[in-house]
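What follows is a short report on a single structure.
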Amino acid sequence: LNVLPRILLHGGAGEWRIEARRRAHIEDSLREAVEAGLAKLNKGSALEGVVAALTCLEDSGLFNAGRGSYPNIENDIEVDAGLMDGSTLDTGAVAAVRNVRNPSKLSYIVLKQTKHVLLAGDGAERLAKAMGLWRRLEPSPEAAERARSRLKEHLKSEVWLTSLRRKYRFNLHDTVGCVALDGDGNLAAGTSTGGTPLKIPGRVGDSPIPGAGYYASNGLGAVSATGEGEDILKFCLSFRVSQDLSSSADPFKVLQRILEEMRRAFGRGTAGAVVLNPAGKGAFYATTNAIAVAWGTKRSVRSCMTEREELVRFNQMMRRDLGEG
Ligand code: ASP
């Protein structure tokens, strides 16, 4: 395979209308993450590139991941993340874990150093302590205040637990995810999130579940998803997309078809994804209003927050930048 190593990542898909300054910050941070990922990828593996890019986004505090994570209904942060190595199908993930700022690093440890795929809750937190990845993680005062004021009115009623589901369908999905191809032709994928705002403690979304929030297999392709986790789980989004990516079909068309199928299945558009096929062709698509993405090779790095009307144009730009390899 003679293609340049490459990274494609997302900072979530949602309905945002974002003011210009915040938007510039987000785009800068996405580019930095691509650069951090490429620095690793050009020396190491696709998997290491994915971890480096996700770590950078978790540390930025600008996304719903790592220290920027939304608090749950009790104002605690519980994060989910997962990684997959397309060359071996090795997978490592953590779910509903507290006090871990870099769940992608912890997932890497699960993948490399344990015989398990997914560790949840206390056990994952204990592994983090043993591996030096434990550090108290509490919501920022602004995040806590946002959660409190949203909740205040609602808590007056006793039925919050059951009505939560309908009442709090937020259209904010600024989770982070990444797919990469290295110089040996190996693919990897990963996703990291604080989950949905005001989730019930213990809730686990799609992001740490292989086949739902991410999937990678050298022969098929690599996928990282974002959006309403419950919908993505039910649809097995990343696995479905990966099954069709290996064909010679245009990856954009594959992704678009499956996400539109998902929209029809649930009667609403709640998801987005980034993909790379085995030949290194990339695509991104969302059925939400917008998706934040970035991509790069050692030649160029670019990021953008794309509204739906511009998806085709930005995909074309990405393909040119990636050299259509
Ligand atoms: N998929 C994530 C979850 O449901 C949320 C997101 O993508 O922002 O946990």
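Before moving on, here are some points about what is shown:
- Over the chain, volume per residue of the alpha carbon convex hull, in Å³: 118 Å³
- Highest-MSF residue in the chain out of Gln113, Gln256, Gln243 [GNM, Cα springs under 10 Å]: Gln113
- Among the GluC sites (Glu not before Pro) found in segment 1-106, those both in a DSSP coil and sparsely packed, with 15 or fewer other Cβ atoms within 10 Å of their Cβ, are Glu15, Glu19, Glu74.
- For segment 239-313, the per residue solvent-accessible surface stands at 39 Å², with DNA, RNA and ligands left out and a 1.4 Å probe.
- Relative contact order %, the chain, counting alpha carbon pairs below 8 Å whose residues are six or more apart: 25 percent
- Across segment 20-90, Cα pairs under 8 Å and at least six residues apart give a relative contact order of 20 percent.
- Under the convention that each Lys and Arg Cβ holds +1 and each Asp and Glu Cβ holds -1, the size of the dipole of the chain around its Cα centre is about 300 debye.
- Placing dummy labels 7 Å off each Cα toward the beta-carbon, the span from Arg264 to Glu15 is 2.4 nm.
- Taken about its Cα centre, segment 205-325 carries a charge dipole of about 320 debye when Lys and Arg each add +1 at the Cβ and Asp and Glu each add -1 at the Cβ.
- Annotation for segment 252-325: GluC sites (Glu not before Pro) lying in DSSP loop with at most 14 further Cβ atoms inside 10 Å of their Cβ are Glu324.
- When shorter helices are ignored and each DSSP H run of at least 4 residues is given -39500 (n - 2.57), the per-residue value for the chain at 222 nm works out to -12000 deg cm²/dmol.
- Its alpha carbons considered, segment 1-101 gives a radius of gyration followed by a Dmax of 15.1, 51 Å.
- The label-point distance for Asp90 and Ala130, in a model that sets each label 7 Å from Cα toward Cβ, rounds to 1.7 nm.
- Taking only protein heavy atoms and a 1.4 Å probe, the accessible area of the chain is 48% carbon and sulfur.
- Within the chain, longest stretch clear of exposed trypsin sites (Lys or Arg not before Pro) (DSSP loop, no more than 10 other Cβ within 10 Å): 157-298
- Residue among Asn75, Leu259, Ala225 farthest towards the positive dipole end of the chain, charges placed on Cβ: Asn75
The values are calculated or read from the model by the stated rules, or taken from the named source; none is laboratory data. Bear in mind the structure is a predicted one, so any value in this text is a computation, not a measurement. Glycine also receives a Cβ, built like all others from the backbone with ideal geometry; neighbour counts cover every protein chain displayed. Accessible surface areas use protein heavy atoms only, side chains included; no ligands, DNA or RNA. Shrake-Rupley method; radii C 1.70, N 1.55, O 1.52, S 1.80 Å.
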